[in-house]
Amino acid sequence: EKDRTIETLKSFVQTLWNIIADCEDYILTKYPQIVLQGHPTALYRLPKDITFITSEELHMMYPTLDVHDRESAIVDKYGAVFIMGMGWPMADGSAAEEVRSPGYDDWNLNGDIIVKHPLTEYRHELSSMGIRVNKDSLLSQLKHRGKLDEGNLEYQKAIINGKLPFSYGGGLGISRLLMLLLRTGHIGEVQVGVWHDAHYRQAMEAGLDIIPDRIVNV
């Protein structure tokens, strides 16, 4: 339990970020044709270090912007950020940066990896992750949501009774990561999806090479 700290969380995130940044170096060295030569973003590279900021600090920096706009503003400034503290409302009573399950991450020890996509130049979320709840954080978050009755569920009860090990984890969007590293502007360029014919036509007209799931009538 002594390792349930912000310093531990930052260490996990920086290790993951090092891998992502190294992957970009490898891919663009091996496949330089991925970069659109002459495009304003051709020289753009991910930063070697990720910037850490709390959701409260971000809200204070851009109080007049909505969630997506302030996230776009911060990645435009730093390239890659880990926004910590997802779940609790802001100190001024504003809504949380992101709604999170009360039985999942500790809202004081979690966050999102968000980058500036080199092609779209827009916010691009890669991962939601964090240190998992312990008894105290679980009960506090359940109380905040008015869901203390969920403490009787099997998983939550096991945490409250100290029967599960302390842990951390999260999800890394593989298709989103591929979009970043391969510099594609549409998720349909890295995974098969079901799109209507009009969408295929729009994509083709925009120069997007969407993977078809069927014979498309364009």
For segment 51-163, what is the convex hull (Cα atoms) projected area averaged across all directions, in square nanometres? 7.4 nm²
Please identify the helices of the chain, taking whole runs of DSSP H, that span at least 15 Å along their own axis as judged from the Cα atoms and have a mean Kyte-Doolittle score of -0.5 or higher. 6-30
Of the chymotrypsin sites (Phe, Trp or Tyr not before Pro) in segment 142-193, which ones lie in a loop per DSSP and count no more than 15 other C-beta atoms within 10 Å? PHE166
Count the net charge of all other residues whose Cβ sits under 13 Å from the Cβ of ASN110, scoring Lys and Arg as +1 and Asp and Glu as -1. -1
How long is the gain from THR5 to ILE211 if the chain were fully straight, where each residue apart is worth 0.36 nm and the alpha carbon distance is subtracted? 69.9 nm
What lysines sit close enough to LYS48 to cross-link, taking a C-alpha to C-alpha distance under 30 Å and skipping anything fewer than 8 places away on the same chain? LYS2, LYS10, LYS30, LYS77, LYS116
Please list, or write none, the lysines whose alpha carbon is within less than 21 Å of the alpha carbon of LYS157, excluding same-chain residues fewer than 8 places away. LYS135, LYS143, LYS147
Cα gyration tensor, the chain - rounded (a/c under 1.5), prolate or oblate: prolate
Span per principal axis, largest first, for the Cα atoms of segment 125-218 (Å): 58, 26, 21
Would you calculate a helix-derived [θ] at 222 nm for the chain, using -39,500 (n - 2.57) for each DSSP H run of n ≥ 4 and dividing by the full residue count, to the nearest 500? -11000 deg cm²/dmol
Could you identify which residue out of VAL194, VAL99, VAL81 has the top mean-square fluctuation in a GNM of the chain using Cα springs shorter than 10 Å? VAL194
Can you work out the accessible area per residue across segment 35-175, with the rest of the protein chains kept in place, probe 1.4 Å, in square angstrom? 50 Å²
Which FRET efficiency value, to the nearest 0.05, is calculated for PHE166 and HIS68 with the Förster distance at 25 angstrom and r the Cβ-Cβ distance? 0.15
A correct Stokes-Einstein calculation for segment 1-108, using the alpha-carbon Kirkwood radius, 37 °C and 0.692 mPa s, returns a whole-number D in µm² s⁻¹ of 204 µm²/s
From the C-alpha gyration tensor of segment 72-119, pull out the three semi-axes of the equivalent ellipsoid (sqrt of 5λ each), sorted largest to smallest, in whole Å. 23, 13, 8
What is the Cα centroid distance between segment 1-31 and segment 104-140, reported in whole angstrom? 14 Å
Only bridges whose two residues both fall in the chain count here: according to DSSP, what percent of them are antiparallel, nearest 5? 80 percent
Burial ranking of peptide ranges 178-187, 45-54 (average Cβ count within 10 Å, highest at the top): 178-187, 45-54
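The values are calculated or read from the model by the stated rules, or taken from the named source; none is laboratory data. Please read all numbers here as calculations on a predicted model, not as lab measurements. Cβ coordinates were reconstructed from backbone atoms using ideal geometry, including for glycine residues, and neighbour counts include every protein chain displayed. To get the accessible areas, we keep the full protein, side chains included, count just its heavy atoms, and leave off ligands, DNA and RNA. Shrake-Rupley method; radii C 1.70, N 1.55, O 1.52, S 1.80 Å.
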